[in-house]
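The values are calculated or read from the model by the stated rules, or taken from the named source; none is laboratory data. These numbers were taken from a predicted model, which means no experiment stands behind them. So basically every Cβ, Gly included, is an ideal-geometry build from the backbone, and we count neighbours across all protein chains shown.
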Amino acid sequence: MIPAAFDYLAPTSVEDALAALAEHGDEAKVLGGGQSLLPVLRMRLGDPSVVVDLGRIDALRGITDDGDHLVIGAMTAYVDLIASEAVREHATVLTKAVEEVADPQIRHRGTVGGALVHADPAGDVAAPILALEAQLVITGPGGERTVPASDFFTGLFETAVGDGELLTSIRIPKHTGWGGHYEKFVRVVHQWSIVAVAATVRTEGGTIAEARIGLTNMGLTALRARSVEQALVGCEVSEAAIGAACASAADGTEPPSDLNGSADYRRALAPVLTRRAVLAAAGG
Ligand SMILES: Cc1cc2nc3c(=O)[nH]c(=O)nc-3n(C[C@H](O)[C@H](O)[C@H](O)COP(=O)(O)OP(=O)(O)OC[C@H]3O[C@@H](n4cnc5c(N)ncnc54)[C@H](O)[C@@H]3O)c2cc1C
């Protein structure tokens, strides 16, 4: 279908984008890479009268090294993230997850910020962002505020980004020397995750010293598997020990049931995928 008619604005600064959002209020919708918004408009599930395209705001694009953090502009495309040696070195679980997003066309257009604000529970970016304990920088008429990833996803397709605000950047504490892996379970290539697990771990000798685990599509939002993280501390890097520590991966989750699998099926998958993700991240 063809979207309903709308006015198109393409500001070149964050200030101008915020001014456009303030002027048009509920009638305006922000356009990132368009890979989720355009299907919504074409299916007429939304009909904003104004679309504010962030694509010409250069300040929202790129990856910078800020000492102990990497700062990723919200409009950075998946492909640029995958190509970044800094992200691969200091936040390898994010590189691995983004490599699994959709197909090359979508990875060229889609943006990290758009994916996070869209907050699809089956999306592949939220779980590594949770596992890396990132900070999300939100800019609005009153200035900037920073929200920890653990408070960013507030519900199904809902985030801490309010009306008239933009997600402007993502600050990731460097996980230098940590291993990382994203284990995505799908029936066919390029499918959305049925369940997936983002694992980042730091080992000392043959033992896990620290672990962070994010779960994709095990609830209304991406989730941390904190009981597994605790159980992994001090665990030797072996299939048996890691498998035992990952047994509780589905505890406290409320996964969906759909045509790809029941909630029980997803609960059965979670510990298996978590074990695989942790073993790969730990180099086991
Ligand atoms: C066929 C298909 C398959 C896909 N498969 C996968 C997959 O396997 N895994 C996966 O993770 N994703 C998948 N996606 C989704 C894809 O990753 C999208 O790119 C992503 O969900 C949205 O990013 P975007 O930049 O295109 O955002 P847009 O579509 O432009 O925007 C999405 C939402 O975020 C808002 N928004 C965008 N940027 C900002 C900002 N900076 N501040 C405030 N609000 C903003 C928009 O208003 C809109 O509500 C798929 C999409 C398609 C079409």
Taking Asp124, is it acidic (Asp, Glu), in contact (Cβ under 8 Å) with a residue 12 or more places away in the chain and more than 9 Å from the ligand (Cβ to nearest atom)?
no
Quick one: in the range 44-58, of everything that is of a type outside the set (Ser, Thr, Tyr), under 13 Å from Pro3 (Cβ atoms) and more than 9 Å from the ligand (Cβ to nearest atom), which residue is modelled with the highest pLDDT?
Val50
Suppose we filter the range 232-272 for residues that are part of a loop (DSSP other than H, G, I, E, B) and surrounded by 15 or more Cβ atoms within 10 Å (Cβ to Cβ); how many remain?
11
Just to be sure I understand, how many residues within the range 58-81 are in contact with a Pro (Cβ under 7 Å, 6 or more places away or on another chain) and outside the structural domain of Leu167 (by TED's automatic domain parsing)?
0
Here the residues within the range 145-168 that are polar (S, T, N, Q) and in contact with a Phe, Trp or Tyr (Cβ under 9 Å, 6 or more places away or on another chain) are Thr159
Gly143 fails exactly one of the following numbered conditions: (1) more than 14 Å from the ligand (Cβ to nearest atom); (2) in contact with a strand residue (DSSP E or B) (Cβ under 8 Å, 6 or more places away or on another chain). What is the number of that condition?
(2)
Among the residues of the range 59-68, count how many are within 13 Å of the ligand (Cβ to nearest atom) and of a type in the set (D, E, K, R).
1
Do we find a residue being touching a residue at least 12 places away in the same chain (Cβ under 8 Å), hydroxyl-bearing (Ser, Thr, Tyr) and farther than 23 Å from Glu204 by Cα anywhere in the range 268-281?
no
Which condition number does Ala4 fail, the rest of (1) of a type in the set (Gly, Ala, Ser); (2) under 24 Å from Arg107 (Cβ atoms); (3) over 23 Å from the mean Cα position of the chain (by Cα) being met?
(2)
For the range 1-26, which positions are among the acidic types (Asp, Glu), part of a helix (DSSP H, G or I) and away from the ligand (no atom under 13 Å from the Cβ)?
Glu15, Asp16, Glu23
